[in-house]
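Following: one structure in structure tokens, then a few remarks.
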Amino acid sequence: MALEITDLVKRYPTGTEALRGVSLEIEAGEFFGLLGPNGAGKSTLIHCATGLARPSSGTIRVFGHDVVADGSEARLAVGLAPQDVNLDWFLTAAETLDYHGGYFGMPRRQRRERTKELLDAFSLTSKKDERTRTLSGGMKRRLILARALMHRPRLLILDEPTAGVDVELRLELWQYVQRINAEGTTILLTTHYLEEAEQLCDRIAFINGGQIVAEGTSQDLAAEFGVASLEDAYLELVGRNELSRARIGEVAP
Ligand code: ADP
């Protein structure tokens, strides 16, 4: 099992219960989508799974490693491509990857080889000595993906990778992540774009109000709600107000 979440509760000091007993299992090799409106608890779940936030109760295991009790092993198994473009503008593309590898304890020679390989895979070789701030939007997104993969994580978490991204770049990113998945990396994608989830994911879970409200293949979900499409199933669960934001062509506010 790549990710095994059991009865996860996360209460923030403000009193907000962002996750209210979430259980979720993602098999090794799966491409899994977590869909839900703003405030549903997606980021909180990712933060708990990557050790950035501490669960109030419940357990999370990444390839068998408990994220609290066995945090360093669990962290090694996960790569996170965050929603924000959180690159260090003063590093070059190559340094960005190299420093990340160093943070994960990769020896120098391995870092050098892996950096070369990833720059090549993400068509960034000609930009390797450019500072990240000078890269185009698409290159920045590719570099963030490459950085998440630097330490060869077996589980890649993509947090809204295409929010506010134009159609062309979105398709390009989809190609990259599909290839990564085909090569064996398990993927957890959060998105509020239904079309994205439908095209990419083997299985999808809907999260709303800190709870998983439905789970299955796109067809399962439609069948469960007696509707024709994933979009209609989402409507049943999350409501009409959210739908306009969830449509792929529109840019999130
Ligand atoms: P999503 O990623 O699905 O938009 P979040 O996990 O960011 O949802 O938020 C879930 C709930 O937890 C929201 O009500 C949000 O306001 C609250 N929340 C998120 N982060 C914090 C925090 N650091 N402190 C207090 N409340 C938070």
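The values are calculated or read from the model by the stated rules, or taken from the named source; none is laboratory data. All of these numbers come straight from a predicted model, not from anything done at the bench. Don't worry about glycine lacking a Cβ; one is built from the backbone with ideal geometry, like all the others, and counts go over all protein chains shown. These area figures cover heavy atoms from the full protein model, side chains too; ligands, DNA and RNA do not enter into them. Shrake-Rupley method; radii C 1.70, N 1.55, O 1.52, S 1.80 Å.
Among residues of segment 61-108 being polar (S, T, N, Q) and touching a strand residue (DSSP E or B) at 6+ places or on another chain (Cβ under 6 Å), the one that is modelled with the highest pLDDT is Thr92. What about Ala163, is it at pLDDT 85 or above, aliphatic (A, V, I, L, M) and either away from the ligand (no atom under 16 Å from the Cβ) or open to solvent by 10 Å² or more (accessible area, probe 1.4 Å) (or both)? Taking the combined requirement at face value, the residue does not satisfy it. Yes or no: segment 53-63 includes at least one residue that is closer than 28 Å to Gly138 by Cα and not assigned by TED's automatic domain parsing to the domain that holds Ile144. No, there is no match, as no residue in segment 53-63 is closer than 28 Å to Gly138 by Cα and not assigned by TED's automatic domain parsing to the domain that holds Ile144.
Screening Asp129 with (1) in contact (Cβ under 8 Å) with a residue 24 or more places away in the chain; (2) more than 19 Å from Leu80 (Cα to Cα); (3) in the same structural domain as His47 (by TED's automatic domain parsing) gives one miss only, at (3). Cβ-Cβ contacts under 6 Å between residues 6 or more apart (or on different chains), taken from a first residue in segment 18-44 that is farther than 13 Å from Leu3 by Cα to a second residue that is open to solvent by 10 Å² or more (accessible area, probe 1.4 Å) and among the polar types (S, T, N, Q), are listed as Ala18/Thr44; Leu19/Thr44; Arg20/Gln211; Gly36/Asn208; Ala40/Asn208.
Open to solvent by less than 10 Å² (accessible area, probe 1.4 Å), out of contact with any Cys (no Cβ under 6 Å at 6 or more places or on another chain) and either under 25 Å from Tyr234 (Cα atoms) or in the same structural domain as Glu215 (by TED's automatic domain parsing) (or both) - does that describe any residue in segment 82-94? Checked segment 82-94: no residue is open to solvent by less than 10 Å² (accessible area, probe 1.4 Å), out of contact with any Cys (no Cβ under 6 Å at 6 or more places or on another chain) and either under 25 Å from Tyr234 (Cα atoms) or in the same structural domain as Glu215 (by TED's automatic domain parsing) (or both).
Scanning segment 1-20 for residues that are in a strand (DSSP E or B) and away from the ligand (no atom under 16 Å from the Cβ) returns Leu3, Glu4, Thr6, Asp7. Only one entry of Leu97, Leu34, Leu45, Leu8 meets the criterion of being crowded, with 21+ Cβ neighbours inside 10 Å and farther than 27 Å from Leu173 by Cβ, and that entry is Leu8.
Residue-wise test of (1) out of contact with any Ser or Thr (no Cβ under 9 Å at 6 or more places or on another chain); (2) surrounded by fewer than 17 Cβ atoms within 10 Å (Cβ to Cβ); (3) assigned by TED's automatic domain parsing to the domain that holds Ala148.
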residue: Glu168; (1), (2), (3): yes, yes, no
residue: Leu173; (1), (2), (3): no, no, no
residue: Gln178; (1), (2), (3): yes, yes, no
residue: Thr185; (1), (2), (3): yes, no, no
residue: Thr190; (1), (2), (3): no, no, no
residue: Ala197; (1), (2), (3): no, no, no
residue: Gly210; (1), (2), (3): no, no, no
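Here is a yes/no grid of residues against (1) more than 15 Å from the chain's Cα centre (by Cα); (2) away from the ligand (no atom under 13 Å from the Cβ); (3) modelled with pLDDT of 95 or more:
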site: Val22; (1), (2), (3): yes, no, yes
site: Ile26; (1), (2), (3): no, yes, yes
site: Phe31; (1), (2), (3): no, yes, yes
site: Leu34; (1), (2), (3): no, no, yes
site: Ser43; (1), (2), (3): no, no, no
site: Cys48; (1), (2), (3): no, no, yes
site: Thr59; (1), (2), (3): yes, yes, yes
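Can we say Asp84 is among the acidic types (Asp, Glu), within 16 Å of the ligand (Cβ to nearest atom) and outside any helix (DSSP H, G or I)? Criteria met by Asp84.
Looking at segment 129-144, can you tell me whether even one residue there is part of a helix (DSSP H, G or I), at pLDDT 95 or above and more than 25 Å from Gly51 (Cβ to Cβ)? There is at least one residue in segment 129-144 that is part of a helix (DSSP H, G or I), at pLDDT 95 or above and more than 25 Å from Gly51 (Cβ to Cβ). Name the residues in segment 20-31 that are surrounded by fewer than 22 Cβ atoms within 10 Å (Cβ to Cβ) and within 24 Å of Glu195 (Cβ to Cβ), would you? Listed by number, the residues that qualify are Leu24, Glu27, Gly29, Glu30. For the criterion of being free of Cβ contacts under 8 Å to residues at least 12 places away in the same chain and more than 12 Å from Pro82 (Cα to Cα), Thr115 fails.
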